[in-house]
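The values are calculated or read from the model by the stated rules, or taken from the named source; none is laboratory data. On a predicted model such as this, the values are computed, not experimentally measured, just so you know. Here the Cβ is made from the backbone with ideal geometry for all residues, glycine too, and neighbour counts use every protein chain on show. Just so you know, the surface numbers come from the protein's heavy atoms only, side chains and all, with ligands and any DNA or RNA stripped out. Shrake-Rupley method; radii C 1.70, N 1.55, O 1.52, S 1.80 Å.
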Amino acid sequence: MFKIVLREAALFVVCAVFVGAVLLFLLDKAIMPYVVRTGELVEVPDIVDLTSAQARRTLARCGLQFKLQEPRWDESVPEGRVVYQNPAAFSMVKPGRTVYAVPSMGTRLYEVPDLHKRSLRQATLWIEQGGLGVGEVSEEASLELKEGLVIRQAPLPGQKVPADTPVSVVVSSGPPREVVEMPNVVGRPLDEARSGLALLELQATVRYEFSTAYMPNTVIRQVPEAGEEVKQGTAVQLVVSKL
């Protein structure tokens with residue numbers, strides 16, 4: 001009986017030693033490395049300005065995941081390269097963490113509208129609404145387009161240009177007109193002044209002003225002044241005396 005008890009006790013001790021050895025092996029090979037890894041941190045590399053492929057490889061070397069987000073316009077970073085990342089570069093994260101990257105679409109370009117035959121007012125509105133700037137405005141005589149309509153433009157319609165690019169336009173001044181010298185009509189009766197301007201194909205506009213220095217209905221000032229060169233069809237403002 002004593003021998004049986006002794007044998008069972010020895011068997012128990014052997015089993016206990018075996019189980020302990022197995023537990024120690026598991027603790028050393030599996031449990032402790034897991035505990036160590038769960039507390040481990042890695043530094044997030046800087047992937048801004050890298051291509052998607054370069055960013056993915058860089059993160060993989062650090063044990064991190066890579067995921068692209070919706071792209072956005074950016075003038076400082078070329079198209080196709082990373083413009084923003086989260087978590088930020090040089091921050092400390094756990095291995096396996098996903099780093100989200102926003103790719104750049106490059107500089108946003110705007111299409112130049114077709115301004116041909118549009119009024120200057122409408123052309124200006126379209127330019128501004130299109131994210132562009134109003135450039136130089138010049139005039140040119142035209143037999144085809146009436147006065148005030150756009151003859152041509154630069155850049156040309158349909159071109160893609162950066163924001164605020166100035167768009168210059170050439171506007172029709174109407175049919176070609178001869179240049180004449182502005183006559184002096186100051187001191188003349190209004191009817192006589194009008195007749196003289198009409199002979200030169202100039203248009204008179206009248207504004208009255210009280211004056212005791214001139215007889216009523218006499219021109220006391222004119223714009224443009226005498227001697228200036230003006231095109232036929234130009235409007236001449238006459239200031240006429242009244243009591």
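Going by the structure shown, is residue 45 loosely packed, with under 14 Cβ neighbours inside 10 Å, part of a loop (DSSP other than H, G, I, E, B) and touching a helix residue (DSSP H, G or I) at 6+ places or on another chain (Cβ under 9 Å)? Let's see the steps before the verdict.
Numbers: loosely packed, with under 14 Cβ neighbours inside 10 Å: no; part of a loop (DSSP other than H, G, I, E, B): yes; touching a helix residue (DSSP H, G or I) at 6+ places or on another chain (Cβ under 9 Å): yes.
In short, no.
Select from region 201-231 the residues that are assigned to a loop (DSSP other than H, G, I, E, B), open to solvent by 30 Å² or more (accessible area, probe 1.4 Å) and not aliphatic (A, V, I, L, M) and write down the one among them that is nearest to residue 190 (Cα to Cα). Give the steps one after another, and end with the answer.
Applying the first criterion (assigned to a loop (DSSP other than H, G, I, E, B)) to region 201-231 yields 201-202, 211-217, 224-228.
Then drop every residue that is not open to solvent by 30 Å² or more (accessible area, probe 1.4 Å), which leaves 201, 212-217, 225-228.
So of that shortlist, the ones also not aliphatic (A, V, I, L, M) come out as 201, 212, 214, 216-217, 225, 227-228.
Values: 201: 16, 212: 16, 214: 12, 216: 9, 217: 6, 225: 16, 227: 19, 228: 20 Å.
Checked region 201-231; the qualifying residue nearest to residue 190 (Cα to Cα) is 217.
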Enumeration of residues in region 49-97 that are on the phi > 0 side of the Ramachandran plot and touching an Asp or Glu at 6+ places or on another chain (Cβ under 8 Å) = 90
Only residues that are part of a loop (DSSP other than H, G, I, E, B) and closer than 10 Å to residue 104 by Cα: list them for region 49-94, please.
-> 49, 70, 71, 73, 74, 75, 76, 77, 78, 79, 80
Could we say that residue 176 is outside any strand (DSSP E or B), open to solvent by 40 Å² or more (accessible area, probe 1.4 Å) and in contact with a His (Cβ under 8 Å, 6 or more places away or on another chain) here?
-> no
For residues that are modelled with pLDDT of 95 or more and part of a loop (DSSP other than H, G, I, E, B), scanning just region 107-120, find the one that is nearest to the chain's Cα centre (by Cα).
-> 112
Hits in region 134-167 - residues which are open to solvent by less than 40 Å² (accessible area, probe 1.4 Å), in contact with a helix residue (DSSP H, G or I) (Cβ under 7 Å, 6 or more places away or on another chain) and assigned to a strand (DSSP E or B) = 150, 167
